[in-house]
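The block underneath contains the structure these notes are about, expressed in structure tokens.
The values are calculated or read from the model by the stated rules, or taken from the named source; none is laboratory data. Since the structure is predicted, the reported quantities are computational estimates derived from the model, not experimental observations. All Cβ positions, even for glycine, are placed from backbone atoms using ideal geometry, and neighbour counts span all protein chains on display. What goes into the accessible areas is simple: the full protein's heavy atoms, side chains included, and nothing from ligands, DNA or RNA. Shrake-Rupley method; radii C 1.70, N 1.55, O 1.52, S 1.80 Å.
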Amino acid sequence: MDVKARGPKRSWERFLRTAIVALALCAGSVTASLPSEVMRVDQDPLRWTVNTPHSTYQVFVARNGELVQGYYGPLSDRRAAGAPGPGDPEIISSLREVPYRGGFMNMTPALEVIFADHTRELELRYVGHEVGEQDGYPCLRLDMKDTYYPLSVAEYIRVIPELDVLEKWMVLENTGDEDILMERAYSGSVVLPADAYDLIHFSGDWGREFFPRRTRLTSGLKSIYVRGVRSHQHSPFFFVRPTEDKDENFGTVWFGAVAWVGGWQMDFDVNRFERTQITGGINSWDTHWVLKGKSAFQTPKIVFGVSTDGSNGASRRMHRYLLDHVMPKPFSQQVSKVLYNSWYATGFNVNEKDQIALARIAKEIGVELFVMDDGWFKGRNNDRAGLGDWVADETKFPNGLNPLIREVNDLGMDFGIWVEPEMVNPDSDLYRAHPEWALHTPHRTAHTSRHQLVLNFARDDVKDYTLKWMDELLTKHNIKFIKWDMNRYISEAGWPETDPLGQREVRIRYVQNLYEVLLKLRERHPDVVFECCSGGGGRANPGILALTDQIWTSDNTDPGDRLHIQYGCSYALPAKAMVNWVTDDEWHGKTTSLRFRFHVAMAGNLGVGNDLFKWTDKEKKTAKELIALYKSIRHIIQLGDQYRLRDPFSENRMAVQFVTRDGRESVVFAFQTLETQPMATRGLSLSDRLVLLGLDPEGTYHVEGDIEPQEISGAALMASGVSVPLAGNYSSKVIILRRQP
Ligand code: GLA
């Protein structure tokens with residue numbers, strides 16, 4: 001048995017390595033030691049049962065030697081000990097553990113290949129397994145081989161028991177000499193118990209990301225997907241639950257996501273036997289991979305989990321999964337600094353004098369990290385020019401960036417900067433020197449968007465160039481924060497300089513190189529925080545979160561809209577990863593109080609983006625007080641558990657509660673958007689009461705903030721709740737609870 005774990009030691013690096021298509025054959029090998037309470041192996045028939053506190057997953061070997069998935073759902077001894085399974089090849093083909101193209105086709109295939117003699121059918125049979133652990137967590141490897149052709153498939157199932165989460169990925173190995181064309185290599189698949197299900201997924205567009213959509217899964221295929229390397233339209237997170245279940249806090253929810261920031265696809269297929277299959281991975285649209293002789297391909301991970309306490313429970317598991325197992329340490333375990341970003345204040349019109357003046361005011365109100373946005377580099381006076389020429393513009397910064405950075409540092413703040421490394425403006429020195437570096441297709445229009453083209457990150461010279469200038473930027477300046485932006489969709493994804501087969505690998509190689517650049521920058525500059533931006537939340541994905549520390553949620557900072565965007569986003573992202581700025585911007589022309597806008601932004605990772613030059617002393621005082629309040633509670637918000645209490649899509653209220661993992665401290669944000677009924681006629685209706693969650697029922701909590709200070713037992717707070725009356729359009733309250741010793 002192969003017992004040596006190889007590769008990076010830190011778990012987020014390991015996560016990343018498995019997200020990168022790797023060529024090392026044993027890249028995911030597991031160390032041997034049998035965590036028998038989590039993973040049970042039964043013989044005759046050979047069967048593996050994964051038990052977590054709330055879930056059971058079962059795989060077995062069918063009579064014809066195929067690996068078949070058994071039960072997957074809430075913890076169940078009865079089903080786990082169930083029958084060895086079907087022998088009928090048609091039934092088997094509806095339950096394959098790794099669904100492939102070949103034989104009867106009753107599932108969406110995760111694997112589709114073409115062998116050198118043009119055979120397109122696979123016949124995979126079980127040949128061995130290994131139970132052990134990887135990075136301290138139980139990991140099962142199931143080995144399969146084609147019955148004739150030189151293709152081996154290893155499926156990995158790594159278990160995070162305390163979160164009821166399984167990670168799946170595959171390593172495909174061509175043990176022969178001739179090329180095998182991989183037309184599709186998804187990451188994994190599961191089949192749910194027979195029932196009728198709804199899918200909750202998240203879609204939208206620029207400025208309205210993460211809108212939850214709930215749809216019935218009926219017979220047939222429902223796909224959500226991204227074809228480029230960003231998308232506001234779809235998020236790879238999904239929640240599936242029985243159609244009749246609606247409660248946020250009760251009932252079974254299967255949830256998960258695919259961890260790939262390039263083109264990905266998730267398929268939800270209700271097959272002819274009325275069984276619901278969930279599968280996904282790298283999107284095979286316009287993409288293939290040539291698996292050369294004696295080489296291997298490792299898929300990114302797909303994550304599946306089971307919550308038995310509703311969608312809130314599923315979200316909390318996903319948040320902890322991202323914080324504890326995906327996002328880079330140590331930052332994922334620490335609170336983020338309150339940042340100021342200059343974009344909405346100065347636009348492209350940045351210069352040393354104004355930025356220093358802004359920084360001084362930012363410091364006054366309590367900001368800890370000053371970020372200069374777009375406009376600082378050569379020729380960048382608007383969005384028509386400059387991308388690609390990453391040196392400070394001499395007219396704006398005659399002595400370079402260091403005088404500004406020194407001033408910011410002397411004020412006691414960190415300095416951060418905006419970059420958009422995957423892009424080039426045709427009006428730039430870089431493009432004039434290397435027009436072939438942009439993705440392009442001969443005889444086709446090179447479509448620009450925001451006046452820019454996409455650099456072909458699949459090219460190693462583009463990767464090396466990017467790594468070099470980014471490394472120099474971080475080496476020559478005391479920069480502690482990078483806002484990495486990506487502001488357009490891909491078109492004409494051509495690479496005419498490579499061979500015809502390689503042309504269709506461009507979308508995968510792009511992501512591999514992007515990951516590599518980020519990984520190397522993090523290794524060389526471990527004290528730099530990276531924010532992932534893509535015109536807002538166009539790239540919120542576990543794949544990129546393995547390499548960045550937070551997401552710029554949306555360019556839409558209108559507080560009313562934002563409550564909806566944040567609500568949707570909270571299904572998947574922990575509050576720490578969800579960056580919110582207070583701004584002057586009211587997209588719909590309304591005027592809300594500064595306090596309301598702060599409260600909205602404080603229900604996540606707080607930033608400020610106002611034009612501080614326009615602020616009165618009173619506004620600065622309000623901001624200073626609220627930033628100080630945020631600093632005293634941000635550990636609860638950013639690192640605690642989150643409970644959605646009120647849904648702004650179904651009423652004019654939104655409320656969210658955060659609780660430290662030990663249950664001692666909690667914060668509640670309550671918002672009213674538009675008042676539908678005057679307070680006088682409504683009275684103190686039940687809707688003013690917020691029934692809280694996640695507290696210690698035995699404890700007594702001191703409750704304070706925007707209500708009368710009082711002591712209430714945890715049991716009462718979770719049974720009858722606390723009254724938080726809100727009156728008037730766009731009003732808000734923050735309540736803080738601390739358990740008495
Ligand atoms: C994108 C980002 C904004 C800002 C601009 C700068 O739109 O989402 O926050 O950085 O680019 O050009």
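The figures follow:
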{"quantity": "Extension reserve of the GLU698-HIS635 stretch, reckoned as 0.36 nm per residue once the Cα distance is removed", "calculated": "20.4 nm"}
{"quantity": "Stretchable slack from SER723 to ILE356, in nm (0.36 nm times residue separation minus alpha-carbon distance)", "calculated": "127.6 nm"}
{"quantity": "Karplus-derived 3J(HN,Hα), 6.51/-1.76/1.60, for each residue of region 164-175, Hz, glycine and proline x", "calculated": "6, 10, 10, 9, 10, 7, 10, 10, 9, 10, 8, 8"}
{"quantity": "Phi-based couplings in Hz for region 439-447 (Karplus 6.51, -1.76, 1.60; Gly and Pro marked x)", "calculated": "4, 7, 10, x, 6, 10, 4, 8, 6"}
{"quantity": "Mean ellipticity per residue at 222 nm, deg cm²/dmol - from DSSP H runs of n ≥ 4 across the chain, formula -39500 (n - 2.57)", "calculated": "-6000 deg cm²/dmol"}
{"quantity": "Between region 440-517 and region 554-581, the Cα center-to-center distance that results, in Å", "calculated": "28 Å"}
{"quantity": "Relative contact order %, the chain, counting alpha carbon pairs below 8 Å whose residues are six or more apart", "calculated": "10 percent"}
{"quantity": "Förster radius 35 Å - calculated FRET efficiency between GLN333 and ASP647 (Cβ-Cβ, nearest 0.05)", "calculated": "0.70"}
{"quantity": "Inter-label distance for LYS476 and VAL41, nm, one decimal - labels placed 7 Å from Cα along Cα-to-Cβ", "calculated": "5.7 nm"}
{"quantity": "With DNA, RNA and ligands ignored, accessible area of TRP254 (1.4 Å probe; Å², nearest 10)", "calculated": "10 Å²"}
{"quantity": "Whole-percent carbon and sulfur share, accessible surface of the chain, 1.4 Å", "calculated": "51 percent"}
{"quantity": "Computed label-point distance, nm, for sites TRP285 and THR616 using a 7 Å Cα→Cβ extension", "calculated": "5.2 nm"}
{"quantity": "Using a Förster distance of 56 Å, the FRET efficiency for GLU178-ASP662 (Cβ separation, nearest 0.05)", "calculated": "0.45"}
{"quantity": "³J(HN,Hα), Karplus 6.51/-1.76/1.60, whole Hz, each residue of region 378-393, x for Gly, Pro", "calculated": "3, x, 9, 9, 7, 8, 8, 8, x, 4, x, 9, 8, 10, 4, 5"}
{"quantity": "Residues whose placed amide H lies under 5 Å from that of THR441, excluding near-sequence neighbours", "calculated": "GLY494"}
{"quantity": "Computed accessible area, LYS468, all protein chains, 1.4 angstrom probe, square angstrom", "calculated": "130 Å²"}
{"quantity": "Accessible area expressed per residue, the chain, with surrounding protein chains retained (probe 1.4 Å, Å²)", "calculated": "35 Å²"}
{"quantity": "Computed label-point distance, nm, for sites HIS588 and ASP205 using a 7 Å Cα→Cβ extension", "calculated": "1.7 nm"}
{"quantity": "For region 582-654 and region 363-387, distance of Cα centres in Å", "calculated": "22 Å"}
{"quantity": "Heavy-atom SASA rank of ARG406, ARG597 (probe 1.4 Å, accessible area, largest first)", "calculated": "ARG406, ARG597"}
{"quantity": "nm² value of the averaged projected area, convex hull over the Cα atoms of region 653-739", "calculated": "5.1 nm²"}
{"quantity": "The chain - share of DSSP beta bridges that are antiparallel (%, nearest 5)", "calculated": "85 percent"}
{"quantity": "Cα-based reach from LYS145 at 20 Å (exclusive), listing lysines while leaving out same-chain residues under 8 positions away", "calculated": "LYS168, LYS292, LYS294"}
{"quantity": "Over region 351-449: Rg over Rh, Cα atoms, Kirkwood Rh", "calculated": "1.10"}
{"quantity": "Length-normalised contact order of region 653-739 in % [C-alpha pairs under 8 Å, at least 6 apart]", "calculated": "39 percent"}
{"quantity": "Amide H partners (placed H, <5 Å) of ILE551, local residues excluded", "calculated": "CYS532, MET578, VAL579"}
{"quantity": "Rg/Rh ratio calculated on Cα atoms of the chain (Kirkwood radius)", "calculated": "0.98"}
{"quantity": "Sequence of LYS576, LYS329 when ordered by accessible area, the most exposed leading, probe 1.4 angstrom", "calculated": "LYS329, LYS576"}
{"quantity": "Region 101-150 versus region 216-248: alpha-carbon centroid distance in Å", "calculated": "26 Å"}
{"quantity": "Relative contact order computed over region 166-252 (Cα-Cα under 8 Å; 6+ residues apart), in percent", "calculated": "27 percent"}
{"quantity": "Accessible-area order (highest first, 1.4 angstrom probe) of the listed residues ASP354, ASP44", "calculated": "ASP44, ASP354"}
{"quantity": "Calculated FRET efficiency for the pair LEU221/ASP460, C-beta based, R₀ 51 Å, to 0.05", "calculated": "0.85"}
{"quantity": "Linear extension gain, ASP117 paired with ASP527, 0.36 nm per residue minus alpha-carbon span", "calculated": "142.4 nm"}
{"quantity": "Rg [Å, one decimal], Dmax [Å, integer] - region 9-326, C-alpha atoms", "calculated": "18.3, 56"}
{"quantity": "Considering only region 453-577, percent of DSSP beta bridges that pair antiparallel, nearest 5", "calculated": "10 percent"}
{"quantity": "Probe 1.4 Å - accessible area at ASP245, Å² to nearest ten", "calculated": "40 Å²"}
{"quantity": "5 angstrom amide H check on VAL229, placed H, neighbours 5+ away", "calculated": "ILE490"}
